[in-house]
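What follows is a short report on a single structure.
Throughout, read-outs are computed from the coordinates displayed, never taken from laboratory work. Keep in mind it's a predicted model, so treat the numbers as computed, not measured. With ideal geometry, Cβ positions are generated from the backbone for all residues, glycine too; neighbour counts draw on all protein chains shown.
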Amino acid sequence: DVKVTQSSRYLVKRTGEKVFLECVQDMDHENMFWYRQDPGLGLRLIYFSYDVKMKEKGDIPEGYSVSREKKERFSLILESASTNQTSMYLCASSPQGVGELFFGEGSRLTVL
Amino acid sequence: AQSVTQLDSQVPVFEEAPVELRCNYSSSVSVYLFWYVQYPNQGLQLLLKYLSGSTLVKGINGFEAEFNKSQTSFHLRKPSVHISDTAEYFCAVSALAGYGGATNKLIFGTGTLLAVQP
């Protein structure tokens with residue numbers, strides 16, 4: 001089975017802190033995604049990557065950056081966390097072509 | 001731009017009753033459509049997908065969906081629900097690239113909470 005692992009299920013950070021959310025997949029997928037999930041808004045795409053060291057902005061990239069140094073790992077970085085970044089963050093991966101996204105269990109971030 | 005509309009934010013239903021969760025999308029070209037389920041405190045799991053072929057798609061856990069191009073809909077149905085079906089359900093459509101082809105980025109609806117009561 002495909003497994004997408006997000007390093008932290010729950011995090012509490014302070015405003016202004018730098019936050020790293022890590023995601024690792026074990027199926028050699030080319031594509032990786034970071035979504036943000038908020039009640040009433042569904043999932044919104046922050047960034048995605050279709051290859052190592054490649055990244056593209058999604059619909060809401062402001063305040064975020066990403067890093068993909070290895071194929072299996074895709075990191076989401078909040079350079080200076082703010083309270084409006086309190087949310088559930090979901091990582092996903094998929095093989096080339098159109099098809100299923102495989103999701104991790106999510107990282108719930110609270111910024112105080 | 002493409003979009004997905006799930007008009008019902010919550011659908012209460014009694015156990016063993018049938019249910020339909022509605023999904024409408026906007027796109028001027030052919031798209032791929034998906035339904036995902038999210039159980040409490042978990043990530044999303046694929047229920048079913050429509051890529052091409054038969055417009056009636058069967059998925060896991062007894063769910064099915066029908067692609068209706070003329071009505072731009074992809075409603076999810078189950079003839080008899082169980083308590084364990086209580087979850088949030090998301091409809092998604094593949095985003096289009098600049099040249100008009102489908103990409104593997106998904107645009108999600110806002111979700112429908114299916115609340116099954118005994």
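Computed 3J(HN,Hα) for segment B:34-47, one whole-Hz value per residue from the Karplus formula 6.51 cos²θ - 1.76 cosθ + 1.60 where θ = phi - 60°, is 9, 10, 10, 10, 10, 7, x, 6, 10, x, 8, 10, 5, 8, glycine and proline marked x.
Antiparallel beta bridges, as assigned by DSSP with both residues in chain B, represent about 85 percent of the total such bridges. The equivalent ellipsoid that matches the C-alpha gyration tensor of chain A spans semi-axes of 22, 14, 13 angstrom, in descending order. Of the trypsin sites (Lys or Arg not before Pro) found in segment B:25-118, the ones in coil according to DSSP and having at most 11 other Cβ atoms within 10 Å of their Cβ are B:Lys69. Along segment A:65-80 the Karplus relation, 6.51 cos²θ - 1.76 cosθ + 1.60 evaluated at θ = phi - 60°, assigns HN-Hα couplings of 9, 9, 9, 9, 8, 10, 4, 7, 10, 9, 10, 10, 10, 9, 4, 8 Hz to successive residues, with x for each Gly and Pro.
Note on B:Lys58: aspartates and glutamates with a C-alpha under 13 Å away, same-chain residues under 8 apart excluded, are B:Glu66. Under the convention that each Lys and Arg Cβ holds +1 and each Asp and Glu Cβ holds -1, the size of the dipole of chain B around its Cα centre is about 420 debye. The largest-to-smallest principal axis extents of the Cα set in chain B are 49, 29, 22 Å.
For segment B:2-14, putting each phi into the Karplus relation 6.51 cos²θ - 1.76 cosθ + 1.60 with θ = phi - 60° gives couplings of 6, 7, 10, 10, 10, 5, 9, 7, 8, 10, x, 8, 7 Hz, in residue order, rounded to whole numbers and with x for Gly and Pro. Restricting the calculation to alpha carbons of the protein assembly as shown gives Rg and Dmax of 17.6, 52 angstrom. Bridging of A:Lys18 to lysines at a Cα separation below 28 Å is possible for A:Lys3, A:Lys53, A:Lys55, A:Lys57, A:Lys70, A:Lys71, B:Lys105, once same-chain residues fewer than 8 apart are set aside.
Straight Cα distances below 13 angstrom link A:Lys13 to the aspartates and glutamates A:Glu79, with same-chain residues fewer than 8 positions distant left out. Just name one of B:Ser80, B:Asn41, B:Leu51: the one whose Cα is farthest towards the positive end of the charge dipole of segment B:3-117 (beta-carbon charges, Lys/Arg +1, Asp/Glu -1). Going by the charge dipole, the pick is B:Leu51.
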